[in-house]
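**Student:** Below is the structure I would like to discuss, written out as structure tokens.
The values are calculated or read from the model by the stated rules, or taken from the named source; none is laboratory data. Predicted, not measured: the structure shown is a model, and the values here were computed from it. Note that each Cβ is placed from the backbone with ideal geometry, even for glycine, and that neighbours are counted across all protein chains shown.
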Amino acid sequence: MRKLVDGFLSPADREAVVAAVGAAEKQTSAEIVPMVVGASDDYPKADLACAVVVGLTAGLLLCLAFGTRNLWFFLLFFGIFALLGFEAAKRTPAIKRLFVARDRALAETRQAAQAAFFNHGLTETKARNAVLIYVSVFERLVFIQPDTGLAGALETRTLDAATAALTLGIAQGRQAAALADCVDTLASHLAPHFPPADNDTDEIKNLILL
């Protein structure tokens, strides 16, 4: 799924996002960390579901086309096209996405975002004032996860609006600009609560790609 990340942000896009984070750090001592991942889960059952659907459909249609009810012909057609369907789902995200339930994608992405928050040290800032902007390309989902020190600084409606704006920007193909805007929006809300400090250090990478 790394190819999804490479296709999502070009080298120039990455530089623009990193620059936006750098500008945000001049407004606030809070840590704003964009993270882009190819997918939040492998969804192996989606590959199998595609294989079964393609195999059954092709088997039935080909048996009808050849005017045969021979079980062995059906099994032959089913096996060949099930294998093709399995490989298509593994290699083509757009096909695989058709076999992933939205609720499952939401649950997996939320869980992966929470795990990433801990695994990449966002809970280890001195003031517990980090916020993760988590983008999962395959699921086309965004989660913004603030640390405990930001309670009261980022209201739920602010997070919801930032999430919606970023999601829309990605859907419109403006992912780099939308990410930069999201970083700037969060920084403007955090600045009054966490103004920049002279001894402030950059504790976390400005952009994480997985």
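**Student:** For residues that are assigned to a loop (DSSP other than H, G, I, E, B) and over 16 Å from Phe8 (Cβ atoms), scanning just segment 155-196, find the one that is modelled with the lowest pLDDT.
**Tutor:** Kept after step one, since they are assigned to a loop (DSSP other than H, G, I, E, B), are these residues of segment 155-196: 155, 172-174, 191-196.
Imposing the further condition that a residue be over 16 Å from Phe8 (Cβ atoms) reduces the set to 155, 191-196.
Details: Glu155: 90, Ala191: 93, Pro192: 92, His193: 91, Phe194: 91, Pro195: 91, Pro196: 85.
Restricting to residues being assigned to a loop (DSSP other than H, G, I, E, B) and over 16 Å from Phe8 (Cβ atoms), the top hit is Pro196.
**Student:** Name the single residue, out of those in segment 128-154 being outside any helix (DSSP H, G or I) and modelled with pLDDT under 90, that is surrounded by the fewest Cβ atoms within 10 Å (Cβ to Cβ).
**Tutor:** Here is the first cut: in segment 128-154, the ones outside any helix (DSSP H, G or I) are 128-147, 151-154.
Keeping just the survivors that are modelled with pLDDT under 90 gives 151-154.
Values: Ala151: 10, Gly152: 7, Ala153: 19, Leu154: 18.
The qualifying residue surrounded by the fewest Cβ atoms within 10 Å (Cβ to Cβ) is Gly152.
Let's see how each residue does on (1) charged (D, E, K, R); (2) closer than 29 Å to Leu168 by Cβ; (3) loosely packed, with under 15 Cβ neighbours inside 10 Å:
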| position | (1), (2), (3) |
| --- | --- |
| Phe77 | no, no, no |
| Leu84 | no, no, no |
| Ala88 | no, no, no |
| Ala107 | no, yes, yes |
| Ala113 | no, yes, no |
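**Student:** Quick check on my filter: what residues within segment 138-195 are closer than 30 Å to Leu98 by Cβ and among the aromatic types (Phe, Trp, Tyr)?
**Tutor:** Phe138, Phe143
**Student:** Out of all the residues in segment 59-74, is one or more surrounded by 13 or more Cβ atoms within 10 Å (Cβ to Cβ), outside the structural domain of Val137 (by TED's automatic domain parsing) and under 32 Å from the mean Cα position of the chain (by Cα)?
**Tutor:** The answer is no; no qualifying residue exists.
**Student:** Check whether at least one residue in segment 192-204 is over 18 Å from the mean Cα position of the chain (by Cα), closer than 14 Å to Val33 by Cβ, surrounded by 13 or more Cβ atoms within 10 Å (Cβ to Cβ) and in the same structural domain as Glu124 (by TED's automatic domain parsing), and report yes or no.
**Tutor:** yes
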